[in-house]
Amino acid sequence: MQLIFIFLVIAGGMGLSVEAGLLGPLGQQVGDLWATLSIFGVGAALTFLLMLFFSPRNSPSFFAQPGWQLLGGILGPGYVVILTLATPVIGIAMTMIGILAGQVFKSLIIDHFGLLGTPHRRIDGKRIIALVFIIIALALVAKG
């Protein structure tokens, strides 16, 4: 089962590269914030349809959840605006490797301290080496 999720997150990462490739030109044509709004508008409409047909009807109230869990709603648009601005300037590969470096760095911290309600997973040498390789990849692509 874990292998299926690994393939799913790899596919999701590939989708982000396509999204960055779409957002750059769209942002240049209609404006960066309009491009961001269009991505979230289409995503919200699709999510609404999925919820309408597939969401359990007896799930806990959305408004009963802790407010801090809604911060992703603030982070998501920021991420998409950054993609829209950066991709035309530095390219998809640099944008995605930079995003990956930031994600892995922050993920190691969140895992190590068990933040945001996640299980505690200590930072070890292998995880640090993985981050170093991502930073090396970033430097190599930047020099290319």
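FYI, it's all coordinate maths here, none of it is from the lab. The structure displayed is predicted, hence computed values, not measured ones. Ideal geometry is used to build each Cβ from the backbone, glycine not excepted, and the neighbour counts take in all protein chains shown.
Where in segment 1-16 is the amide nitrogen less than 20 Å from a point lying 7 Å along the Cα-to-Cβ axis of residue 90? Inside the label zone: 13-16. Rounded to 0.05, the FRET efficiency of the residue 136 and residue 42 pair, given R0 = 30 Å and the Cβ-Cβ distance, is 0.25. Shape descriptor for the chain: Rg over Rh equals 1.00 (Cα atoms; Rh from the Kirkwood inverse mean 1/r).
The phi torsions of segment 107-123, fed into the Karplus equation with coefficients 6.51, -1.76 and 1.60 and a -60° offset, translate into couplings of 5, 4, 5, 4, 4, 4, 9, x, 6, 6, x, 8, x, 6, 9, 4, 6 Hz, rounded to whole numbers, with Gly and Pro shown as x.
Between segment 1-30 and segment 56-75, what's the alpha-carbon centroid distance in Å? That distance is 24 Å. Considering all C-alpha pairs of segment 30-92, those separated by over 15 Å amount to 66%.
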